[in-house]
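What follows is a single structure, written as structure tokens, with notes after it.
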Amino acid sequence: MNAKLMILGLAFCALCGQGDLMAQKKVAGPMEDVNKVVDNTLDSLNIAKTARPEAGSTRRGNNPVLFLVGNSTMRTGTRGNGDNGQWGWGYFMNEYFDPDKITVENHALGGTSSRTFYNRLWPDVLKGIKKGDWVIIELGHNDNGPYDEGRARASIPGIGKDSLQVVIKETGAHETVYTYGEYMRRFINDVKAKGAHPILMSLTPRNAWEDADSTIVKRVNKTFGLWAKQVAKKAKVPFIDLNEITARKFEKFGKEKVKYHFYLDRIHTSEFGARVNVESAVEGIRNYKGLPLATMLLPEKKDSTSGSSREGNNPILFTIGDSTVKNQDKDEDGMWGWGTMIAELMKDGEITVENHAFPGRSARTFLDEGRWQKVYDALQPGDFVLMQFGHNDAGDINVGKARGELLGSGPESKVFKMEKTGKNQVVYTYGWYLRKFILDCKEKGAIPVVVSHTPRNKFDNGLIESNKDSFGKWAKDVAEQMGVAFIDLNAISGSKLQKMVDEKGLKEVTSHYCKDHTHFSKKGARMNAQGVAESLRQQNHPLSGYLK
């Protein structure tokens with residue numbers, strides 16, 4: 001009788017979920033959620049299903065579709081549109097493929113694990129997959145936490161055949177939990193059954209280092225990266241170590257620069273970080289021997305202009321900025337920028353000058369339009385970069401010309417929806433953009449110099465207008481923070497113009513400008529260039545050694 005009661009008691013315990021706890025002792029415990037990142041997804045599966053594309057809906061004729069399966073590092077949040085300042089790399093993947101050969105659909109969703117994606121979202125994605133399609137799978141960031149409560153998204157660690165029967169405490173639903181490797185195998189088998197081609201990728205790296213003093217990024221090569229690689233090898237499908245490719249780049253960037261590749265936390269990427277990850281993914285595809293998907297990539301864009309003036313091993317002086325640094329620079333009576341005139345002051349045969357400034361640009365738009373990227377790609381150790389922004393950095397942020405930034409030199413940022421494009425964008429302070437340029441220069445071994453913007457032909461009670469309490473101050477603050485040279489061109493040229501108006505009158509000052517109170521004549525541009533040279537000599541700056 002006691003034996004029968006014991007059996008009934010065990011059965012009752014199983015119904016209450018206690019049997020699951022006993023079963024858990026036979027498999028490895030779930031991985032701890034050490035990230036403690038608040039993520040509201042899966043916040044609403046219905047919203048998620050309407051925000052994500054219908055599987056296969058982008059297909060053009062009989063062309064294949066590239067399906068992306070992943071979590072928030074591939075598609076952040078429900079909408080994936082950057083409205084929280086975070087971007088997943090899948091958003092930008094279509095920019096790299098020829099739309100006449102293949103289309104890209106990002107089916108990733110923030111907060112999903114291999115288990116929750118396979119159970120909740122995969123059936124709908126699978127419906128749209130056809131023979132010849134491609135499916136990239138990158139999951140694992142969320143395969144942690146409890147098996148049977150809360151978000152209940154953990155998979156069993158490893159690639160074995162272990163399974164676990166659980167009852168979700170909040171709902172009473174019964175579910176079988178498998179290993180991470182088993183979910184990967186199921187994705188692969190489902191894709192192959194459709195006649196399509198699966199590719200496994202390891203997780204994107206976090207802003208996490210081996211220790212406080214280390215310059216080595218933490219890898220997932222002992223957990224999810226290793227398990228995905230092992231599963232891919234056995235299944236004979238491509239594996240791309242996205243974790244390793246991007247981690248190597250981060251180590252080259254250095255800790256300070258890596259920070260701006262993330263937003264709000266150490267896992268979710270900013271647009272900068274998302275673009276690094278997508279470039280790593282494309283790099284992995286392009287370099288994977290014999291992978292047919294690579295033939296559908298657009299040709300690599302190469303800029304043959306930036307850095308083309310280099311003579312042997314001589315350095316290049318790059319100038320970046322707005323119309324006061326580079327203008328028409330051709331007609332004797334036209335508008336000129338000092339970045340062109342400074343070439344007159346440099347020693348021939350020892351250094352060349354490339355003026356990459358562009359009229360109407362702020363530090364932000366110079367970056368957004370890819371102009372800085374061309375300079376960055378061309379930089380070599382020993383090069384110099386003179387940077388001067390400020391004339392166009394105080395305007396509208398998300399309407400009109402949409403080139404303004406947050407004022408100041410601090411770390412502040414804010415998400416804005418751009419009126420013209422409808423796209424969300426994180427906008428930082430004026431000083432933040434200067435710091436980014438400086439960090440990029442230092443990474444490349446180039447020497448950055450911050451220059452305050454040129455004075456305008458504007459006087460108040462006989463005194464020339466100064467920017468010493470605004471952009472001049474912020475530029476100086478950044479230079480001091482970053483330990484780089486600062487040239488107060490606003491004050492240098494301003495004092496010369498003040499002396500002119502005091503001694504010869506406003507007409508003499510006006511002869512240094514062209515058409516308005518901001519843009520300079522050739523004479524004025526030459527005065528500004530000479531002011532830069534004077535400051536370099538006074539500071540005994542390395543660039544002064546190349547002055548005539």
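General observations
- Bridgeable lysines around K347 (alpha carbons under 23 Å apart, same-chain partners fewer than 8 residues away excluded): K326, K330, K522, K523, K548.
- The chain, helix-only ellipticity at 222 nm - DSSP H runs n ≥ 4, -39,500 (n - 2.57), divided by all residues, nearest 500: -9500 deg cm²/dmol
- Loop-resident trypsin sites (Lys or Arg not before Pro) (DSSP state other than H, G, I, E or B) in the stretch 146-205 with no more than 11 further Cβ atoms inside 10 Å of their Cβ: K161.
- 5 angstrom amide H check on H197, placed H, neighbours 5+ away: G132, D133, W134, V135
- When the P(r) is computed for the chain, the part past 39 Å accounts for 40% of the Cα-Cα pairs.
- Taking the chain and dividing mean pair separation by its residue count, relative contact order in percent (alpha carbons under 8 Å, at least six apart): 11
- Mean separation of Cα contacts under 8 Å, 6 or more apart, over the residue count of the stretch 441-548: relative contact order %: 24
- When DSSP beta bridges are restricted to pairs lying wholly in the chain, around 35% turn out antiparallel.
- Positive-end residue of V478, S493, A228, charge dipole of the chain with Cβ unit charges: A228
- Protection proxy ranking, peptides 514-520, 424-430, average beta carbon neighbours within 10 Å, highest first: 424-430, 514-520
- Computed with a 1.4 Å probe on the full set of protein chains, the accessible area for E344 sits at about 80 Å².
- Shape class for the stretch 343-421, computed from the alpha carbon gyration tensor (a ≥ b ≥ c): prolate, with a/c not under 1.5 and a/b above b/c.
- Sorting the segments 236-246, 408-418, 298-308 by their mean number of nearby beta carbons within 10 angstrom, highest to lowest, gives 236-246, 408-418, 298-308.
- Distances between placed amide hydrogens fall under 5 Å for F97 paired with L298, all partners being 5 or more residues away or on another chain.
- Pairs with C-alpha atoms separated by more than 31 Å, drawn from the list K26/K131; K127/K218; K252/K476, are K26/K131; K127/K218.
- Kirkwood Rh, angstrom, the stretch 244-362 [1 / mean 1/r, Cα pairs]: 18.1
- Overall form of the stretch 283-423 per C-alpha gyration tensor (a/c, 1.5; a/b vs b/c): oblate
- Unit charges at the beta carbon, dipole of the chain: most positive-side option, L242, Y118, G349: Y118
- Scanning residues 5 or more positions from T518 or on other chains, those with amide H under 5 Å from its amide H are N457, with H placed 1.01 Å from N in the peptide plane.
- Overall form of the stretch 144-249 per C-alpha gyration tensor (a/c, 1.5; a/b vs b/c): oblate
- Listed values for the stretch 470-477 are Karplus-derived 3J(HN,Hα) couplings in whole Hz (6.51 cos²θ - 1.76 cosθ + 1.60, θ = phi - 60°), namely 10, 5, x, 5, 5, 5, 5, 4, and x replaces Gly and Pro.
- Relative contact order, percent, the stretch 219-378 [alpha-carbon distance under 8 Å, six or more residues apart]: 16
- Accessible surface of the chain, 1.4 Å probe: 51 percent of it comes from carbon and sulfur atoms.
- Highest average packing first - 78-90, 331-343, Cβ atoms within 10 Å: 78-90, 331-343
- In the stretch 500-548, a dipole from Cβ-located charges (positive for Lys and Arg, negative for Asp and Glu) runs towards its positive end, and of H517, Y546, G531 it is Y546 whose Cα lies farthest in that direction.
The values are calculated or read from the model by the stated rules, or taken from the named source; none is laboratory data. All values derive from a computational prediction rather than experimental measurement. A quick note on method: Cβ atoms are made from the backbone with ideal geometry, for glycine too, and the neighbour counts reach across all protein chains shown. SASA here: full protein model, heavy atoms, side chains in, ligands and nucleic acids out. Shrake-Rupley method; radii C 1.70, N 1.55, O 1.52, S 1.80 Å.
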